[in-house]
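The values are calculated or read from the model by the stated rules, or taken from the named source; none is laboratory data. All figures in this text were calculated on a predicted structure; none of them were measured in a lab. A quick note on method: Cβ atoms are made from the backbone with ideal geometry, for glycine too, and the neighbour counts reach across all protein chains shown. Surface accessibility is based on the protein's heavy atoms, side chains included, excluding ligands, DNA and RNA. Shrake-Rupley method; radii C 1.70, N 1.55, O 1.52, S 1.80 Å.
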Amino acid sequence: GNAGSGFVNFIAGNLDNGVLMSGTGVFSNSVFGNYIGTNLTGTLKLFNGAFGVIGYQGAHHNRIGGASKGNLISSKLEAVMLYGDANDNTVQSNRIGINATASNVLGMTTSCVVVSLSRRNKIGGNMGAGEGNIIGGCFRGVSLSNAPENLVQGNHIGTNLTGTVGLGNSAAGIRIASADANLI
């Protein structure tokens, strides 16, 4: 869904995670068109207590957003966390750490997207097909830690879609630590 269609979920103000996908039996799910950690208009943060969307303990082949079906995601902790053998997941077309119009940041203090102890995840994709994410206003835009063979492609990190508005992260746009064979 999307905000104009009337089929959007607003997932905010929970004590723990906004969306939790956990375990090897969690695969082929799609999370798209949601406002996670924001108010109803997507202009103010209304964080969940932990992560916005988390896939871990083997959750695999899940989609967080998709071409022109992205989520608006902000969070108290990482907006998107793929951790602990959360392999082969896709994160596309989301607005992460910013408001719905991509004109301002929402003031997150942690990283927007973190991939840790996981591999073969795809963050973004074909920019022309609308698969890239707009990522900004966090401590780090994307962080790959002990995470080999991931793809980060076609995203706007620290800027809006047209490159005319700065939505910078307070530290690195992309951080790679103890990770090999990634493609940026």
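Restricted to the range 117-145, and to residues that are of a type in the set (D, E, K, R) and part of a loop (DSSP other than H, G, I, E, B), which residue is nearest to Lys69 (Cα to Cα)? Lay out the reasoning, then the answer.
Start the filter on the range 117-145 by keeping residues that are of a type in the set (D, E, K, R), which leaves 119-120, 122, 131, 140.
Filter once more, so that each one left must be part of a loop (DSSP other than H, G, I, E, B): 119-120, 131, 140.
Details: Arg119: 24, Arg120: 21, Glu131: 9, Arg140: 24 Å.
So, considering only residues that are of a type in the set (D, E, K, R) and part of a loop (DSSP other than H, G, I, E, B), the one nearest to Lys69 (Cα to Cα) is Glu131.
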Under 9 Å between Cβ atoms, which residue pairs at least 6 apart in sequence (or on different chains) link something in the range 164-184 that is among the basic types (Lys, Arg) with a partner that is open to solvent by less than 90 Å² (accessible area, probe 1.4 Å) and in a loop (DSSP other than H, G, I, E, B)?
Arg175/Ser111; Arg175/Arg140; Arg175/Gly141
Quick one: count up the residues across the range 59-70 that are open to solvent by 10 Å² or more (accessible area, probe 1.4 Å) and not charged (D, E, K, R).
5
If you take the residues of the range 24-42 that are hydrophobic (A, V, I, L, M, F, W, C) and part of a strand (DSSP E or B), which of them is least open to solvent (accessible area, probe 1.4 Å)?
Ile36
Test: residue in the range 74-81 that is of a type outside the set (A, V, I, L, M, F, W, C), over 21 Å from Phe10 (Cα atoms) and out of contact with any His (no Cβ under 8 Å at 6 or more places or on another chain)
no
Going through the range 43-57 in order, the residues found to be out of contact with any Gly (no Cβ under 8 Å at 6 or more places or on another chain), crowded, with 22+ Cβ neighbours inside 10 Å and either small (Gly, Ala, Ser) or modelled with pLDDT under 95 (or both) are Gly55
Which of the residues that make up the range 89-136 are aliphatic (A, V, I, L, M), crowded, with 24+ Cβ neighbours inside 10 Å and over 12 Å from the mean Cα position of the chain (by Cα)?
Leu106, Met108
